[in-house]
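Quick notes on the structure that follows.
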Amino acid sequence: MSGYHIKDESASYFLTFTVVGWIDIFSRQVYRDLIIDSFEYARKKKGLLLYAYVIMTNHIHLLAQAKEDYKLSAIVRDFKKFTSKKVYELLDNSEESRREWMKTIFLKAGALNKDNKTFQLWKQDNHPVAVYSDYVINQKIEYIHNNPVKAGFVSNPEDWTYSSARNYSDLDYVLEIDFVK
């Protein structure tokens, strides 16, 4: 476990959720939709303020904060726990061509992790970085939105469907966000 932790529960954080083994699970629509639905639920029911995000094929970047009287660390824990269980269920009940290969890697990662009982989708560390200044907030949003461009998937950030770059560009989007004030 790294030295990075959510220490100030009232701060905004840049976070990265990485799939174990860097498996490109989010190359499939069904898993991306699960993430979108889970973020939507966390925003509406768990106190998540989601300022920016991008869902890449094997990781997610976000800039987020907890509403007053909520804890970001608890929101992140619950999000990762829920999505992990749901991905496992989807793998078990799908025609996923990579199902056995992915399950083997996820089960092995879980067995090697003392904090998990069996299955592990996400790496333990979120590498949370607290952001306090407008300059750093804007820098992180730009980094998040440019991730698919740097990966060579699109030419413009707003062309990536699973990114808040679309929200900031006033285009149709798949997930409502909380704009930075």
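Looking at this structure, is Ile177 in contact with a Ser or Thr (Cβ under 7 Å, 6 or more places away or on another chain), part of a loop (DSSP other than H, G, I, E, B) and closer than 24 Å to Glu9 by Cα?
Working: in contact with a Ser or Thr (Cβ under 7 Å, 6 or more places away or on another chain): yes; part of a loop (DSSP other than H, G, I, E, B): yes; closer than 24 Å to Glu9 by Cα: yes.
The answer is yes for Ile177.
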State whether the residues of segment 32-39 include one that is at pLDDT below 95, outside any strand (DSSP E or B), under 24 Å from Glu96 (Cβ atoms) and among the charged types (D, E, K, R).
no
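Just to be sure, is Glu96 assigned to a helix (DSSP H, G or I), at negative phi and either modelled with pLDDT under 95 or in contact with a strand residue (DSSP E or B) (Cβ under 7 Å, 6 or more places away or on another chain) (or both)? It would help to see each step written out before you state the result.
Working: assigned to a helix (DSSP H, G or I): no; at negative phi: yes; either modelled with pLDDT under 95 or in contact with a strand residue (DSSP E or B) (Cβ under 7 Å, 6 or more places away or on another chain) (or both): yes.
Considered against the rule, which asks whether it is assigned to a helix (DSSP H, G or I), at negative phi and either modelled with pLDDT under 95 or in contact with a strand residue (DSSP E or B) (Cβ under 7 Å, 6 or more places away or on another chain) (or both), Glu96 comes out as no.
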For segment 43-70, give me each residue that is touching a residue at least 40 places away in the same chain (Cβ under 8 Å) and assigned to a helix (DSSP H, G or I).
Arg43
Among the candidates Asn156, Asn138, Asn146, residue that is within 17 Å of Ile60 (Cβ to Cβ) and out of contact with any strand residue (DSSP E or B) (no Cβ under 8 Å at 6 or more places or on another chain)
Asn146
Please determine whether any residue of segment 105-123 is over 17 Å from Arg28 (Cβ atoms), in contact with a strand residue (DSSP E or B) (Cβ under 7 Å, 6 or more places away or on another chain) and surrounded by 11 or more Cβ atoms within 10 Å (Cβ to Cβ).
yes
If I go through segment 51-72 residue by residue, how many of them are touching a Lys or Arg at 6+ places or on another chain (Cβ under 8 Å) and either over 22 Å from Lys85 (Cα atoms) or among the small types (Gly, Ala, Ser) (or both)?
3
Take the residues in segment 106-123 that are touching a residue at least 24 places away in the same chain (Cβ under 8 Å) and farther than 17 Å from His61 by Cβ, then tell me which one is nearest to the chain's Cα centre (by Cα).
Gln120
Just for segment 124-137: of the residues that are surrounded by 14 or more Cβ atoms within 10 Å (Cβ to Cβ) and at pLDDT 90 or above, which one is nearest to Lys86 (Cα to Cα)?
Pro128
What are the pairs, 6+ residues apart or on separate chains, where a residue within segment 16-42 that is free of Cβ contacts under 8 Å to residues at least 40 places away in the same chain has its Cβ under 8 Å from a residue that is surrounded by 15 or more Cβ atoms within 10 Å (Cβ to Cβ) and among the acidic types (Asp, Glu)?
Ala42/Asp78
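For Leu171, indicate whether it is among the aliphatic types (A, V, I, L, M) and part of a loop (DSSP other than H, G, I, E, B).
On the way: among the aliphatic types (A, V, I, L, M): yes; part of a loop (DSSP other than H, G, I, E, B): yes.
In short, yes.
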Scan segment 28-83 for residues that are touching a Pro at 6+ places or on another chain (Cβ under 8 Å) and surrounded by fewer than 17 Cβ atoms within 10 Å (Cβ to Cβ) and jot them down.
none
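Yes or no: segment 115-123 includes at least one residue that is of a type in the set (S, T, N, Q) and either farther than 28 Å from Lys81 by Cα or out of contact with any Gly (no Cβ under 9 Å at 6 or more places or on another chain) (or both).
Within segment 115-123 (the criterion being of a type in the set (S, T, N, Q) and either farther than 28 Å from Lys81 by Cα or out of contact with any Gly (no Cβ under 9 Å at 6 or more places or on another chain) (or both)), the answer is no, since none of the residues qualifies.
The values are calculated or read from the model by the stated rules, or taken from the named source; none is laboratory data. Computed from a predicted structure; not experimentally measured. In this analysis, Cβ positions are derived from the backbone assuming ideal geometry, glycine residues included, and neighbour counts consider all displayed protein chains.
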